Amino acid sequence: MPGPPGIFRAGAPCDGGVPACVKVPSEKGPVSSALLTAGLRFEMGDVHRVASRRLSSARPRARALQSHTNARATPVMPRSPRWAFVLRLGLGLVVLVTAGWLFGAIAEDVVNRDAPLSTLDIYVATWLHAHATPAVTRLMFWLSDMGAPLTVIVITLIVAAVLAWRRRWYRLAFLLLATVGGECVNYLIKVAVHRDRPLFEDPILTLTSFSFPSGHAMGSTLLYGALVAILIWPVPQWRWRIAALSAMALLVALICFSRIYLGVHYLSDVVAGCLAGVIWLVSCLMAVDALRYRRLRTN
């Protein structure tokens, strides 16, 4: 049975099968239209509020998911080559200034024959010579040969041949500049300072060339320092770099000790030789690095 005019039952069919809830009756049209419009607005308002609450609660999760996705998808940008070059240049300058200041202080004391340094040199040389034994002497001769000029030349030629065969031109230039150039620098300093070697009544080894700075100390610092720099050049892990540098420093220290033990150098000679080697090695490394960086910028 049809209801009163202007009132509709939910789901009741009207003419043409259209649901009564969406058909506006012809009788009392303005009143029915107003009621229906108000009802629809109320229902739409509820739907809008529910949708707004759900959307608001979903937005933080969506933003978090988007941030997580971007963090995983965005690659880590590599360090700028310019920034890396500037960092290496700054560290090199710090090493140069520090080593240069120490070498200059020692050279000044040697030239002026200042008492504290001269006394320490004589005491260390005399004590080691007095406590020398045949077994330790044989070991010291073997360690000394590790930094001899002939050893430096042979190892340099072998490594240079390998680098040339593999076309590592920057590393080859660095090796030759460090070793060959370092020997020339050592000779010039020895001639300029012309310090005599230690003298003993029963020397273990006798040499007639000048003593300051030690050629074995400087040559071993240059050779093994250059080899370590070449080996760790492509290695990004700092633990391997530190391990290689520590092994190199230990070997050079043993070679320097052997020269004092054999009575052919004072303590200040080997320390100055190591410092001069560090200065020349870092200078060569910075020069080759600058050439390499310039080529990278050009290309």
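Here are a few things to note about the model shown:
- Check on SER211, modelled with pLDDT of 90 or more, of a type in the set (Gly, Ala, Ser), under 23 Å from ASP196 (Cα atoms) and out of contact with any Gly (no Cβ under 9 Å at 6 or more places or on another chain): no
- Complete set of residues in segment 159-179 that are basic (Lys, Arg) and surrounded by 15 or more Cβ atoms within 10 Å (Cβ to Cβ): ARG168, ARG171
- Criterion: modelled with pLDDT under 90, in contact with a Leu (Cβ under 9 Å, 6 or more places away or on another chain) and assigned by TED's automatic domain parsing to the domain that holds PRO149 - qualifying residue of PRO203, PRO198, PRO234: PRO203
- Residue among LEU117, LEU157, LEU93 that is in contact with a Ser or Thr (Cβ under 8 Å, 6 or more places away or on another chain) and either among the small types (Gly, Ala, Ser) or assigned to a helix (DSSP H, G or I) (or both): LEU117
- Subset of segment 107-158 [touching a residue at least 60 places away in the same chain (Cβ under 8 Å), within 33 Å of the chain's Cα centre (by Cα) and exposed (fewer than 14 other Cβ atoms within 10 Å of the Cβ)]: PRO149
- Answer residue from segment 167-204, given it is in contact with a helix residue (DSSP H, G or I) (Cβ under 9 Å, 6 or more places away or on another chain) and not in a helix (DSSP H, G or I) and is farthest from LEU139 (Cα to Cα) among those: ARG168
The values are calculated or read from the model by the stated rules, or taken from the named source; none is laboratory data. Please read all numbers here as calculations on a predicted model, not as lab measurements. All Cβ positions, even for glycine, are placed from backbone atoms using ideal geometry, and neighbour counts span all protein chains on display.
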